[in-house]
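Enquirer: This is the structure I want to talk about, given as structure tokens.
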Amino acid sequence: MPLTKEQVEAFEMDGFLAPIPVLEEAEVTRYRHLFDELEAELGRETASNSLTDYHFKESFIWELATHPKILDCIEALIGPDIALLSSHFFCKYGQEEKFVAWHQDVTYWALDPPLEITAWVAIDDSNPENGCMRVIPCSHHQQIVEH
């Protein structure tokens, strides 16, 4: 599912592209079920924000992180040389004291040049009540700001 020329141009201008439907409903249901099993095994506290690089431990996370439709979209944006730097589940359970502050993802990688793509994939509802993803359009045209 390659991106259209208009989608690539929108990404270059805005710094993000959404929504991009890459998973079939059955795939979303399967990934959600597998995640729920992992959450039950590890506990909600661990699952909420500590599942970093679990693609080394859980085959379904590797499968999701390297899903061909996701990689096709990334390739359309940056070309075929793609490296998976990390995988991370962020669970937002609704009104809680924890939150994810505004940030620029590329600041975590110390890349030179600072080029990085985050493929954010929802396997559950994402809405204002549970703390949905928000972005600041065009902020990638600015310098990396102090965090």
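Enquirer: Could you check how much of the accessible area of segment 20-147 is carbon and sulfur, as a whole percent, using a 1.4 Å probe?
Expert: Here carbon and sulfur together make up 54 percent of the probe-accessible area.
Enquirer: Using only Cα atoms, find the angle between the long axis of helix 5-14 and the longest principal axis of the chain, and express it within 0 to 90 degrees, rounded to the nearest 10.
Expert: 90
Enquirer: Given a 10 angstrom Cα cut-off, can you work out which residue in Cys73, Cys132, Cys91 is the most mobile in a GNM of the chain?
Expert: Cys132
Enquirer: Same structure, new question: Please report the relative contact order for the chain, taking Cα pairs under 8 Å with a sequence separation of at least 6, and give it as a percent rounded to a whole number.
Expert: The value is 32 percent.
Enquirer: Choose one answer from Asp81, Asp112, Asp72: the residue with the largest mean-square fluctuation in a GNM of the chain with alpha-carbon springs under 10 Å.
Expert: Result: Asp112 has the largest fluctuation of those listed.
Enquirer: Would you mind checking the tilt of helix 68-78 against the longest principal axis of the Cα atoms of the chain, expressed as 0 to 90 degrees and rounded to 10?
Expert: Long axis of 68-78 versus the principal axis of the chain: about 30 degrees.
Enquirer: Dividing the Cα convex hull volume of segment 1-65 by residue count, how many Å³ per residue is that?
Expert: Normalising the Cα hull of segment 1-65 by residue number yields 120 Å³.
Enquirer: Taking the solvent-accessible surface of protein heavy atoms with a 1.4 Å probe, what is the per residue accessible area of segment 38-147 in Å²?
Expert: Heavy-atom accessible area per residue stands at 72 Å².
Enquirer: Further, regarding this structure: What is the mean projected area of the alpha carbon convex hull for the chain, to one decimal in square nanometres? Let's see the in-between values first.
Expert: Details: hull surface 38.2 nm².
Taking a quarter of the hull surface, the average projection is 9.6 nm².
Enquirer: Given the DSSP H assignment, sum -39500 (n - 2.57) over each helix run of at least 4 residues in the chain and divide by its residue total; what's the result at 222 nm in deg cm²/dmol, nearest 500?
Expert: Mean residue ellipticity at 222 nm (helix-derived): -10500 deg cm²/dmol.
Enquirer: While we're looking at this one, here's another question. I want to verify a result. In a Gaussian network model of the chain, Cα cutoff 10 Å, which of these has the top mean-square fluctuation: Ala119, Ala47, Ala26?
Expert: Ranking Ala119, Ala47, Ala26 by mean-square fluctuation puts Ala26 first.
The values are calculated or read from the model by the stated rules, or taken from the named source; none is laboratory data. Keep in mind it's a predicted model, so treat the numbers as computed, not measured. Areas reflect the complete protein model, heavy atoms only, side chains present, ligands, DNA and RNA absent. Shrake-Rupley method; radii C 1.70, N 1.55, O 1.52, S 1.80 Å.
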